[in-house]
Amino acid sequence: MNKRALSDIDTKPTDAMVKEATQGLEWRQEYGRGGTMVGISRARDIKNKKNLSISVIKRMYSFFKRHEIDKKAEGFRYGEEGYPSNGRIAWALWGGDAGFSWSTRKVKEIEREEERKLSDKITKGLENKVEEHNEEVKDLDLSWNARVTLSTLEEVFSRGVGAFKTNPESVRPSIDNADAWAYARVNSFLYALKKGKYRSGKHDTDLLPKEHPVRKEMDKKNMELMEKKELRHIQKIEETEDSIIIHYGKSKDDVEMIMEEPQDMPMEESMKDEDEYKSEARSIPNKEVRTFNVENLELRMEGDVKKVIGYGAVFNSMSNDLGGFREFISPKAFEGRLDDDVRFLVNHDGLPLARTTNNTLRLSVDEKGLRYEAIMPDTTLSNDLMELMKNGTISQSSFAFIVEDDSWEQKDGINIRTINKVSRLFDVSAVTFPAFEEASSSVALRSLEDWKEKSQETQFKENLKLEQIEAKKEMQDLHKRNLAELKLKLIK
């Protein structure tokens, strides 16, 4: 079957567009206003049903998007004073509402064909790289499998495109387009696969084989990080006259199960049954859980795209009692963390619904807190979640993280923890159940105990220092008294 090309797209204006353009030309002739010479030229082409070029269709769509706001102005609608307004005449010259709908559809068709054409070229280039690389490494005596598959390189390439679009500060100044940066990532990955190390900056380490030196090193570090993993669910936010209090919930158990996605899973196995994923889950000790049940967890439609939007953390607001302490999160706590490989899950478990590495999960920080937008796939789990959100069954979200730096103080007899910096962000989740209040955060409590011990040690040192000063003073006083007594004896 022959593939469709850009030249196959029907670009002839519709009858409804012809009617609008004809009306626009008549208005322009009658009133001598509205639109520009470009608009008049466009109306004539539409009236004569000329096939419009790809660039003209894109300009049409751009015109309608820019001037859509004109529809709200006085005189745009029939019966209003000043009808037809200049904006209404210009709108008609470009084909009116029919032209807007038509150009919107055509631009989508054009973009799909342009993307397909580019994808074919990229796929061929990656296929060549796979063949060349596997030929180079086939006779090497390595302790890991250095061969590569097309699906792996496609994933590396896709991540590179995503990084270029979402994290431009990480891109070398000499590279000015996403494909070039993605190819650079592919070349860097192939070098590491062959040499056992990266030239510079590590990336896509989860796609390396398990026995690869860099992968083994990263897995070891991840194991150490996971031992310190904390979770937060914000249960509710209470506002008083002089403060805002975040009510965190806490997990019933110090140990829960967290799904770990298989690291070097082939693309063809990516739809593995969820039960198989859960069987690969492992225990995460010292995990904290916080739920929140506020109105800012929402489902939003943007065209055909469905998004779940919420906040995982709220800044500069004191939590409820977490078992001997309360907590603040600094606005700077997530600096450097928005590029972490973060998943959007349900209950911190199961198949990921969105992920930062493919740009379906987007994290940002605003004046309120850590905000996330998760683009929902067309899956059973996703559709179930969205339905439960619509009817209000699910209205809570949470996030999982590791604290790198925190500080403590005591005010009015209350121990207050401030999370200054997060060293790793794991996931944000929609959650189906409230947290249990009777449990405590073992990770945070250990930090509290350390702070108390340090405070006690500091106080002990300060007391010791004061005692030494007092002792020295007493010795000086005693010495002075002895001298005075000696002088008195000599006088006698």
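The values are calculated or read from the model by the stated rules, or taken from the named source; none is laboratory data. Keep in mind it's a predicted model, so treat the numbers as computed, not measured. FYI the Cβ positions are ideal-geometry reconstructions off the backbone, even for glycines, and counts take in every protein chain you see.
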Please enumerate the residues belonging to the stretch 181-200 that are of a type in the set (Gly, Ala, Ser), surrounded by fewer than 19 Cβ atoms within 10 Å (Cβ to Cβ) and on the phi < 0 side of the Ramachandran plot. Ala184, Ser200
Sort out which residues of the stretch 363-384 are loosely packed, with under 12 Cβ neighbours inside 10 Å and either of a type in the set (Val, Ile, Thr) or without any contact (Cβ under 8 Å) to a residue 12 or more places away in the chain (or both), and write them in order of number. Asp366, Asp378, Thr380
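If I go through the stretch 394-432 residue by residue, how many of them are acidic (Asp, Glu) and under 21 Å from the mean Cα position of the chain (by Cα)?
First, pick out the residues of the stretch 394-432 that are acidic (Asp, Glu): 404-406, 409, 412, 427.
The next check asks that each one be under 21 Å from the mean Cα position of the chain (by Cα); those that pass are 404, 427.
Looking only at that region, the number is 2.
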Can you tell me how many residues within the stretch 22-77 are small (Gly, Ala, Ser), touching a residue at least 12 places away in the same chain (Cβ under 8 Å) and under 19 Å from Glu109 (Cα atoms)? 1
Residues in the stretch 307-314: is at least one among the hydroxyl-bearing types (Ser, Thr, Tyr) and either over 16 Å from the mean Cα position of the chain (by Cα) or part of a loop (DSSP other than H, G, I, E, B) (or both)? no
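Residues are listed down the side, and each one gets a yes or a no for (1) on the phi > 0 side of the Ramachandran plot; (2) modelled with pLDDT of 70 or more; (3) not polar (S, T, N, Q):
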position: Gln396; (1), (2), (3): no, yes, no
position: Lys421; (1), (2), (3): no, yes, yes
position: Asp427; (1), (2), (3): no, yes, yes
position: Gln456; (1), (2), (3): no, no, no
position: Leu464; (1), (2), (3): no, no, yes
Write out, first by first residue and then by second, each pair whose Cβ atoms fall under 6 Å of each other, whose residues are 6+ apart or on separate chains, and whose first residue, in the stretch 213-224, is not assigned by TED's automatic domain parsing to the domain that holds Asp341 while the second is in a helix (DSSP H, G or I) and modelled with pLDDT of 80 or more. Val214/Thr205; Arg215/Thr205; Met218/Thr205
Could you list, ordered by first residue, the pairs with Cβ atoms under 6 Å in which the first is in the stretch 130-154 and outside any helix (DSSP H, G or I) and the second is among the basic types (Lys, Arg), at least 6 apart or interchain? Ala146/Lys194
Only residues that are in contact (Cβ under 8 Å) with a residue 24 or more places away in the chain and either touching a helix residue (DSSP H, G or I) at 6+ places or on another chain (Cβ under 8 Å) or of a type in the set (Lys, Arg) (or both): list them for the stretch 339-355, please. Asp339, Asp340, Asp341, Val342, Arg343, Val346, Asp349, Gly350, Leu351, Leu353
Just one of (1) in the same structural domain as Asp45 (by TED's automatic domain parsing); (2) buried (at least 16 other Cβ atoms within 10 Å of the Cβ) trips up Ala73, so point out which. (2)
Long-range neighbours under 6 Å by Cβ, at least six apart or interchain, first residue farther than 20 Å from Ala16 by Cβ within the stretch 79-93, second at pLDDT 95 or above: none
If you check Lys49 against the conditions, is it in a helix (DSSP H, G or I) and charged (D, E, K, R)? no
Qualifying positions in the stretch 308-319 - under 14 Å from Leu353 (Cβ atoms) and surrounded by 19 or more Cβ atoms within 10 Å (Cβ to Cβ): Val308, Gly310
